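Peer 1: Sending over a structure as structure tokens; questions will come in a sec.
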Amino acid sequence: MSFSEILLVTTLCFYFLSLFLKKEKRYRWLAFFLSLSLVVFAVHTLTEGHRWQMFPAYSCLFTLVMVSLVVFQELFHSEQREMNKTKTLVVYVLLLPLLLLLLAASWIVPISFPE
């Protein structure tokens, strides 16, 4: 794996971990890691091009962008607090196994299928 690929997977892991911070710190770190992940993704695809081995990480990035839309919606629509808590919990429970599977696949696939 190249440096930008390792950096992309690392920023995605930190982004996922920031979902579990306290609310006071969560939004700042989510915005930071989302921006950093998107910048690393853009630099990676423009300089090195996309690789099929990294498609699990790319789909993980897409999934986390969707999760961030739900999380940031909670911030801007506080009047529907109960509905947002339930929706956010469902998203976390459903996407946690998917995220772990995609991260594991992005590390295993390059080892299983050498170029």
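What follows draws every value from the coordinates through simple rules; no lab data is involved. Since this is a predicted model, take the numbers as computed values, not measurements. Note that each Cβ is placed from the backbone with ideal geometry, even for glycine, and that neighbours are counted across all protein chains shown.
Peer 1: Quick check on the exposure proxy: order 2, 68, 37 from fewest to most C-beta atoms within 10 angstrom.
Peer 2: 2, 68, 37
Peer 1: Between the stretch 54-72 and the stretch 1-46, what is the C-alpha centre distance in whole Å?
Peer 2: Taking the Cα centre of each part, the stretch 54-72 and the stretch 1-46 sit 10 Å apart.
Peer 1: Further, regarding this structure: Around residue 48, which amide H atoms from residues at least 5 apart in sequence, or from another chain, sit under 5 Å from its own amide H, with H modelled in the peptide plane?
Peer 2: HN-HN under 5 Å from residue 48: empty list.
Peer 1: Report, to one decimal in Å, the Kirkwood hydrodynamic radius for the stretch 20-77 based on all distinct Cα pairs.
Peer 2: Across the stretch 20-77, the inverse of the average 1/r is 12.6 Å.
Peer 1: State, to one decimal in nm, how far the label point of residue 66 lies from the label point of residue 10, with both points 7 Å from Cα in the Cβ direction.
Peer 2: 2.8
Peer 1: Please report 28, 51 as a ranked list, fewest other C-beta atoms within 10 angstrom at the top and most at the bottom.
Peer 2: 28, 51
Peer 1: While we're looking at this one, here's another question. Ranked by Cβ crowding within 10 angstrom, fewest neighbours first, how are 63, 10 ordered?
Peer 2: Sorted ascending by nearby Cβ count, the order is 10, 63.
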